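Below: the structure, in structure tokens.
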Amino acid sequence: MGVATGRRSTLPGFGLTMGLTLTWLSVIILIPLAGLFLKTFELSFDQFWGIVTSRRTLNALKISFGLSFAAAIVNLVMGTIVVWALVRYRFPGRRLFDAIVDIPFALPTAVAGVALSSLFAQKGWLGAPLAELGIKVAFTPAGIFIAMIFIGIPFVVRTVQPILIDLDVEIEEAAASLGASRWHTVFRVILPSLIPALLTGFALAFARGIGEYGSVIFIAGNLPNVSEIAPLLIVIRLSEFRYADATAIAVVMLVASFLIIFAVNRLQRWAQTRIPAH
Amino acid sequence: MTIELKNIVKKFGAFTALDGVDLKVANGELLALLGPSGSGKTTLLRIIAGLDWPDAGEVSFDGESTLGHGASERRVGFVFQHYALFRHMTVFENVAFGLRVQPRAVRKDEAGIRMRVKELLDLVQLDWLADRYPNQLSGGQRQRIALARALAIEPGILLLDEPFGALDAKVRKELRQWLRSLHSEISVTSIFVTHDQEEALEVANRVVVMDKGQIEQIGTPAEVYDNPATAFVHGFIGESIVLPVEVNQGCVRLGGKSLGIAVADGISGASKLFVRRHDMQVGPIGAGLLEGTIRHVRTFGPTQRAEVALCGGEGKTLIEIDAPRDRTLQAGDIVGLRPQRYRIFAAQD
């Protein structure tokens, strides 16, 4: 009569789905990553350390992580405002704007890169007036920053949007009836309720920025130590057949990204326990 | 604080939610707004709170017009049906919210806020939940916290929108009694909205019965139950037997047969006879004005409920009556029925 020891589950299929999950994750993610790590073992530790702490590598990492962090912050703020307008107000063209938000998702990154660099080039629509003000965007770190903002914004908008839609208007009415000004209502009631979603959106935009390659290299100028991102440096090393060097940089990026995403995740989990979705 | 509403009109597109409502609420009253959904009772409450604005009419508190003030300036405590607690705040912070957002000049210091919140949590008997988050509480506890939060700002008026609507029957009963005793303790002018007549009759000092954006009757629970002003009120409050009758020169006919009962002046033509279930007396054939066959008898509590098919002119009409248990009724019996107390209202088309 059935299995004597096993407890019956109301959701059968645990064994099957768990097995598939593990197999799939191994094939798609874990095995390639393990290969990456193994490759670095061709280097001695000193060699590894030398590559990783070389000026060019450190600068590339700094540019990749620093600018994508800054871009994610900008996306967090601007994305929240965009979401607010899209969710809370009814205006002509709202659906169009809503659809436009997804373009950075869908557009091939190279196309985005070409478009942005021609826009911000010295004779471009935006580049020309900016050049008159003495600001140069294309082929500088500022260009990288802009490309990263471009590709990151949908992550913030799309993660926060459903949460804001679900947020009960009664909460705001309750705050108002308790004497709260609009300012207090927004900063003490609405934004804190959105924190888990905001953190997720931020983490996704940040991660996307770190890994971004296509759109950035067209606008970056790619000067070593100035506007060379880490993924580009990896490609350069690969094209020089210095595979171990490339993987060493990749491993550092991988570990750093993982730690950051893990930290944001923990933070988000912590916020989630305090602010459950419902 | 007294509330006065004059000729309030509110439309949502083509739908008229409130159609000329006048209402005076005395200081310290506990008033129920009772009506079916769509009767405009919640809209009226929201207009008093400043969460909605009327298209026409006047709202004044203590004789002063309040329409120039938004919800945040009216000092009105509002309790929502679904609590509307702030999920990211502890119970303590929820209750403290109204105190923390006060203008700096009048805001209490931290110790003062702590003391006040403690008082309020004691008042709703939930001081032991101060550090919990709303999602860790039961529905009844949440609603009590929502009430404590609304009371924190020492409102002149307390408004409750279907406060027990989302709770199960047992908790509802408890909270009703609790709300009544709380009101006698703090005696702030309070209005609550409900579609549950039992709740309105049991809790309120006065009941306002609303339908289709208008007030049908205002009165004490006894008045609206015993002397319904309109056919709607009679049908809505208490269980009634409704029979279509014809009134002609003071003569009441049911299915062509004269009932020989009196009718108020001014009623003529197609009308409705309203009788409470327990006011329909059952006796032997001939003793009544109506006759019918008992279909089922169900016995529970102090009464038995019988389903009776009336022998009328056109087809059969099924009615339900409540009779004392000492009277033996059996399915199949043919009985005479006599309305002890009744009301006749002209039928509305």
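What follows draws every value from the coordinates through simple rules; no lab data is involved. As the structure is a prediction and not an experimental result, all values here were calculated from the model. FYI the Cβ positions are ideal-geometry reconstructions off the backbone, even for glycines, and counts take in every protein chain you see.
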(request) Convert each backbone phi in the stretch A:207-214 into a coupling constant with the Karplus relation 6.51 cos²θ - 1.76 cosθ + 1.60 (shift: θ = phi - 60°), then list the ³J(HN,Hα) values in order as whole Hz, x for Gly and Pro. (result) 4, 4, x, 4, x, 5, 10, x
(request) Return the single residue from A:Gly13, A:Gly152, A:Gly113 with maximal mean-square fluctuation; model: Gaussian network over chain A, springs between Cα atoms under 10 Å. (result) A:Gly13
(request) Only helical DSSP H runs with n ≥ 4 go in: add -39500 (n - 2.57) per run for chain A, normalise by residue count and round the 222 nm mean residue ellipticity to 500 deg cm²/dmol. (result) -23000 deg cm²/dmol
(message) If neighbour count is taken as other Cβ atoms inside 10 Å, put B:Lys108, B:Lys24 in order from fewest to most.
(response) B:Lys24, B:Lys108
(request) Step through the residues of the stretch B:121-132 one at a time and calculate ³J(HN,Hα) from phi using the Karplus curve (6.51 cos²θ - 1.76 cosθ + 1.60, θ = phi - 60°), rounding each to whole Hz and writing x for Gly and Pro. (result) 5, 5, 4, 8, 6, 10, 4, 6, 9, 3, 9, 7
(request) Could you tell me whether the stretch A:9-153 comes out rounded, prolate or oblate from its Cα gyration tensor? Rule is a ≥ b ≥ c as square roots of the eigenvalues, rounded for a/c under 1.5, then prolate if a/b exceeds b/c, otherwise oblate. (result) oblate
(request) Taking H placed 1.01 Å from N in the peptide plane, check which residues at least 5 places from B:Ser240 or on another chain put their amide H under 5 Å from its amide H. (result) none
(message) Report the gain in length on full extension from A:Arg94 to A:Ala244: 0.36 nm times residue separation, minus Cα-Cα distance, nm rounded to one decimal.
(response) 49.0 nm
(message) Just the number: Rg to Rh for the protein assembly as shown, Cα atoms, Kirkwood Rh, two decimals.
(response) 1.16
(message) Test of understanding: extend the Cα→C-beta vector of B:Asp127 to 7 Å, then name every residue of the stretch B:91-112 with backbone N under 19 Å from that spot.
(response) B:91-97, B:110-112
(message) If I fit a long axis through the Cα atoms of helix B:139-151 and take the longest principal axis of the Cα atoms of chain B, what angle between them do I get, 0 to 90°, rounded to 10?
(response) 60 degrees
(message) Can you tell me how the stretch B:124-248 classifies by the Cα gyration tensor, rounded, prolate or oblate, using a/c under 1.5 as the rounded cut?
(response) prolate
(request) Compute the acute angle (0 to 90°) between the alpha-carbon long axis of helix B:91-100 and the principal axis of greatest extent of the alpha-carbon atoms of chain B; round to the nearest 10°. (result) 70 degrees
(message) Could you tell me how far the Cα centroid of the stretch A:115-146 sits from the Cα centroid of the stretch A:205-278, in Å?
(response) 24 Å
(request) Could you list A:Ser117, B:Ser184 in order of exposure, starting from the residue whose Cβ has the fewest other Cβ atoms within 10 Å? (result) B:Ser184, A:Ser117
(request) Using only the Cα atoms of the stretch B:28-87, construct the convex hull and provide its projected area averaged over every direction, in square nanometres to one decimal. (result) 5.5 nm²
(request) Would you kindly derive the ³J(HN,Hα) couplings of the stretch B:8-18 from the backbone phi angles with the Karplus curve 6.51 cos²θ - 1.76 cosθ + 1.60 (θ = phi - 60°), listing them in order in whole Hz, with x for Gly and Pro? (result) 6, 10, 9, 10, 10, x, 7, 8, 8, 7, 9
(request) Show the residues, 5+ positions off or on another chain, whose built amide H is closer than 5 Å to the amide H of B:Val79. (result) B:Leu159, B:Leu160, B:Asp161
(message) Taking amide H atoms as placed 1.01 Å from N in the peptide plane, list the residues 5 or more away in sequence, or in a different chain, whose amide H sits under 5 Å from that of B:Thr2.
(response) B:Asp62
(request) Can you spot the lysines whose alpha carbon is less than 29 Å from A:Lys39's alpha carbon? Ignore those fewer than 8 places along the same chain. (result) A:Lys62
(request) Please order B:Asp326, B:Asp226 by the number of other Cβ within 10 Å, starting at the fewest. (result) B:Asp326, B:Asp226
(message) With bins 10 Å wide starting at 0, give me the P(r) of the stretch B:218-299 over every alpha carbon pair, in whole percents.
(response) 15, 42, 34, 9, 0
(message) Can you tell me, using C-alpha contacts under 8 Å and at least 6 residues apart, the relative contact order of chain A as a whole percent?
(response) 29 percent
(request) Send over the Kirkwood Rh of chain B, from the inverse of the averaged 1/r over different Cα pairs, rounded to one decimal Å. (result) 23.0 Å
(request) Would you please classify the overall shape of chain A from the alpha carbon gyration tensor, given that a ≥ b ≥ c denote the square roots of the eigenvalues, rounded means a/c under 1.5, and beyond that prolate means a/b larger than b/c while oblate covers the rest? (result) oblate
(request) On a C-alpha basis, how far is the centre of the stretch B:104-145 from the centre of the stretch A:44-109 in Å? Whole number, if you could? (result) 42 Å
(message) Rounded to whole Å, give me the distance from the Cα center of the stretch B:240-311 to that of the stretch B:40-91.
(response) 45 Å
(request) Between A:Phe258 and A:Val169, with labels modelled 7 Å along Cα→Cβ, what's the label distance in nm to one decimal, could you check? (result) 4.8 nm
